[in-house]
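**Student:** Encoded as structure tokens, here's the structure I'll be asking about.
The values are calculated or read from the model by the stated rules, or taken from the named source; none is laboratory data. Remember, predicted model here, so these are calculated numbers, not experimental data. Using ideal geometry, Cβ is built from the backbone for each residue, glycine included, and neighbour counts are taken over all protein chains shown. Only protein heavy atoms, including side chains, enter the accessible area calculation; ligands, DNA and RNA are left aside. Shrake-Rupley method; radii C 1.70, N 1.55, O 1.52, S 1.80 Å.
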Amino acid sequence: MITWGARLSFLCLALFLYLRPTLAHARSVGTIRAGGESDYISPWNFHTWGSYKSIAAVTYLRQEGLYPKDTSPFAEQRFRFAGSLSRDWFRFEFANQLNLMTQVANDPYLPVPSFNPTPAFNTETLLYSSSSVRLTNLVDRAFVHMQLDPVEITIGKQVIGMGVGHIFSAVSQVPRLPFVIVDSEFPFTEDAITLSYVGPLVVQARFLPKVSGQQGHNFHLRLGESTPGYDFVMTMGQSDDKMFLGLEAAKNLGGFVLRGEFVGYEFERDGRFQGLLGIDRAFTAEFGLEAELFYNGFGADNSLYYQIASDHRSSPYKGQWYAGLKINATLHPLVRTSLVAVNNLNDASTLLNLSVTYSLSDDLELLFGQYLSVHSDPYAEYGGSFPVTPTLASGIPDLTYLLLKLHF
């Protein structure tokens, strides 16, 4: 049976292969002749780009009774091909990613369920799977954007930009990436229809079909204003079967950028609140920092109650109060470093992520990264483990990785 992912992948690839010769010729005409005249210039523009990433990593599992080994080495090859077809008022863009993962066999004793919801249109195809090899193909992006001033329409699998949080997310209604991840260059995309009115105020309405586990569809309405000095947006709608109302704002102030998000949810005939405050400062071109304080109304204030904390798809935090710090530094024109610390203030646990990037050329980079949890509570969110049964437990792992990244 051919899945939606395979169909869409083949359709996009066939479209580009069919149009490529014509569009390549269209880009070749329009050169200026000696007399100063030019040939006909096609209104269509065709561009392709992509990346290849090779990953070698070791995951240090935090578990009891689920896997035979606590250490799980793996390697992954990611080939991404993307392209766009556009003219003055129209743009079609797609990105396809082929992933090959190989790992030392470490099958769980019991089936471990996946908590990632299946999207409305599942565009991931499993091509091959065994205990040590997994080959998948993912249509990560495929949308049509039409700019009909003052109205803009975007239809398809697209990036949903919401919120001003960099480390945490309160207003954003899109699931965040996993806490421990090798490469976060490409944000999540969602199936959606977005209608925008761009005038003195920006009005945006968005419909997102429900994913697995949701009872109703999702919709967002945003009203915003952007000036050279500040941004202010009011947002409302339904997400993850909860009605919500929120505000987000950012302002430049004396070399600092102040950011804030506040959102309230109607949840189980009660209310839940989330909010964050952030501050950014670039002290020099080579050194800057970001700091955030985050409150999660869906979490618990004691690690003993993490297992019964309320579930919210776009905020998988266990505790209530968090502090985050990100430091970016350029040590050399070819060497960049980043240190991110996320601290759960309720159980005093911390997740650290250090990365060092060395530029081998304009398009080639080598990155070393390390995730490490520090804690004193055996049930802490970072570094602890949560009982699944009286004899089984699982927690967020540590991770060491090396990434070679080529863009073309």
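**Student:** Across the stretch 77-111, what is the number of residues that are touching a residue at least 60 places away in the same chain (Cβ under 8 Å) and under 30 Å from THR391 (Cα atoms)?
**Tutor:** 1
**Student:** I would also like to ask the following. How many residues are free of Cβ contacts under 8 Å to residues at least 24 places away in the same chain, open to solvent by 20 Å² or more (accessible area, probe 1.4 Å) and under 25 Å from the mean Cα position of the chain (by Cα) when one looks only at the stretch 356-397?
**Tutor:** 2
**Student:** Same structure, new question: Any idea which residue in the stretch 343-355 is most open to solvent (accessible area, probe 1.4 Å), counting only those that are farther than 11 Å from GLY324 by Cβ and touching an Asp or Glu at 6+ places or on another chain (Cβ under 6 Å)?
**Tutor:** The residue in question is ASN346.
**Student:** I'd like to know if the stretch 251-272 contains one or more residues that are under 22 Å from the mean Cα position of the chain (by Cα) and either without any contact (Cβ under 8 Å) to a residue 40 or more places away in the chain or within 30 Å of THR389 (Cα to Cα) (or both).
**Tutor:** No, there is no match, as no residue in the stretch 251-272 is under 22 Å from the mean Cα position of the chain (by Cα) and either without any contact (Cβ under 8 Å) to a residue 40 or more places away in the chain or within 30 Å of THR389 (Cα to Cα) (or both).
**Student:** Next up: For GLY65, which of the numbered conditions (1) open to solvent by less than 50 Å² (accessible area, probe 1.4 Å); (2) under 30 Å from THR400 (Cα atoms); (3) at pLDDT 95 or above; (4) among the small types (Gly, Ala, Ser) fails to hold?
**Tutor:** Evaluating GLY65 over (1) open to solvent by less than 50 Å² (accessible area, probe 1.4 Å); (2) under 30 Å from THR400 (Cα atoms); (3) at pLDDT 95 or above; (4) among the small types (Gly, Ala, Ser) leaves (3) as the failure.
**Student:** Name the single residue that is farthest from the chain's Cα centre (by Cα) among those in the stretch 311-342 being open to solvent by 30 Å² or more (accessible area, probe 1.4 Å) and over 19 Å from GLY369 (Cβ atoms).
**Tutor:** Among those residues, the one meeting the criterion is PRO333.
**Student:** Also, quick follow-up: Can you report the number of residues in the stretch 283-310 which are over 24 Å from the mean Cα position of the chain (by Cα) and either surrounded by fewer than 16 Cβ atoms within 10 Å (Cβ to Cβ) or among the aromatic types (Phe, Trp, Tyr) (or both)?
**Tutor:** 12
**Student:** Out of the strands (runs of 3 or more DSSP E) lying entirely within the stretch 117-215, which hold 1 or more residues that are surrounded by fewer than 17 Cβ atoms within 10 Å (Cβ to Cβ) and either small (Gly, Ala, Ser) or in contact with a Gly (Cβ under 9 Å, 6 or more places away or on another chain) (or both)?
**Tutor:** 124-129, 133-148, 189-198, 202-208
Each row is one residue, and each column tells you yes or no for (1) out of contact with any strand residue (DSSP E or B) (no Cβ under 6 Å at 6 or more places or on another chain); (2) open to solvent by 20 Å² or more (accessible area, probe 1.4 Å); (3) under 16 Å from GLY163 (Cα atoms).
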{"site": "HIS220", "(1), (2), (3)": "no, no, yes"}
{"site": "PRO228", "(1), (2), (3)": "yes, yes, no"}
{"site": "VAL233", "(1), (2), (3)": "no, yes, yes"}
{"site": "ASP240", "(1), (2), (3)": "yes, yes, no"}
{"site": "MET243", "(1), (2), (3)": "no, yes, no"}
{"site": "GLY246", "(1), (2), (3)": "no, no, yes"}
{"site": "ALA249", "(1), (2), (3)": "no, yes, yes"}
{"site": "ASN252", "(1), (2), (3)": "yes, yes, no"}
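**Student:** What's the total number of residues in the stretch 364-408 that are within 30 Å of ARG336 (Cβ to Cβ) and part of a strand (DSSP E or B)?
**Tutor:** 23
**Student:** Sort out which residues of the stretch 339-363 are assigned to a strand (DSSP E or B), small (Gly, Ala, Ser) and farther than 16 Å from THR400 by Cβ, and write them in order of number.
**Tutor:** ALA341, SER349, SER359
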